[in-house]
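J.: This is the structure I have questions about; it appears just below.
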Amino acid sequence: MRVSRMISTAAAGLVVLVFSVPAITAGVKSLKLNINAQCFNGFALFQIVNKGERLPDSAMFNVYRAVDRTLINSRRLRRAKDKHASFRISKGAHPGEELAIYVEPGWYKRASRFDGGVVCR
């Protein structure tokens, strides 16, 4: 996971982290995503954009409580190039704990590490 840029506006209670998931090739199609993780008034928002080719099969987009890997939200999606997906997590689901996202492609196995994360207080 690599943070491309971080924007923080304390007065507005807004923190934005933009992550780039590098292209990962496994002899098939690669996975190339931009993940934007931000907080606003205690809510966590993950926005994912497919920057590579159309995904050849569906992928699981999973949001976890990072400390114990408890699954908070999950969706099976198939995204075309430049298509967006968003997850909005309410305050009650994460009482000040780090939330993380992991994208699990259906067409190959990749390392099980988080692709992005955010802490909202």
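The values are calculated or read from the model by the stated rules, or taken from the named source; none is laboratory data. Bear in mind that the values here come from a model prediction, so they are computed numbers and not experimental data. Here the Cβ positions follow ideal geometry from the backbone for every residue, glycine too, while neighbour counts run over all protein chains shown.
J.: Which of the residues that make up the range 40-92 are small (Gly, Ala, Ser) and touching a residue at least 24 places away in the same chain (Cβ under 8 Å)?
T.: Initial filter on the range 40-92 (small (Gly, Ala, Ser)): 42, 44, 52, 58-59, 66, 74, 80, 85-86, 90, 92.
Answer for the range 40-92, where residues must be small (Gly, Ala, Ser) and touching a residue at least 24 places away in the same chain (Cβ under 8 Å): Gly42, Ala44, Gly52, Ser58, Ala59, Ala66, Ala80, Ala85, Ser86, Ser90.
J.: Arg76 is checked against (1) crowded, with 18+ Cβ neighbours inside 10 Å; (2) modelled with pLDDT of 90 or more and fails just one. What number does that condition carry?
T.: Result: Arg76 passes all but (1).
J.: Within the range 76-103, track down each residue that is within 16 Å of Ile35 (Cβ to Cβ) and out of contact with any strand residue (DSSP E or B) (no Cβ under 8 Å at 6 or more places or on another chain).
T.: Answer for the range 76-103, where residues must be within 16 Å of Ile35 (Cβ to Cβ) and out of contact with any strand residue (DSSP E or B) (no Cβ under 8 Å at 6 or more places or on another chain): there is none.
J.: Sort through Asp68, Asp82, Asp57 and tell me the only one that's at pLDDT 90 or above and acidic (Asp, Glu).
T.: Details: Asp82 fails: at pLDDT 90 or above; Asp57 fails: at pLDDT 90 or above.
From the options Asp68, Asp82, Asp57, the qualifying one is Asp68.
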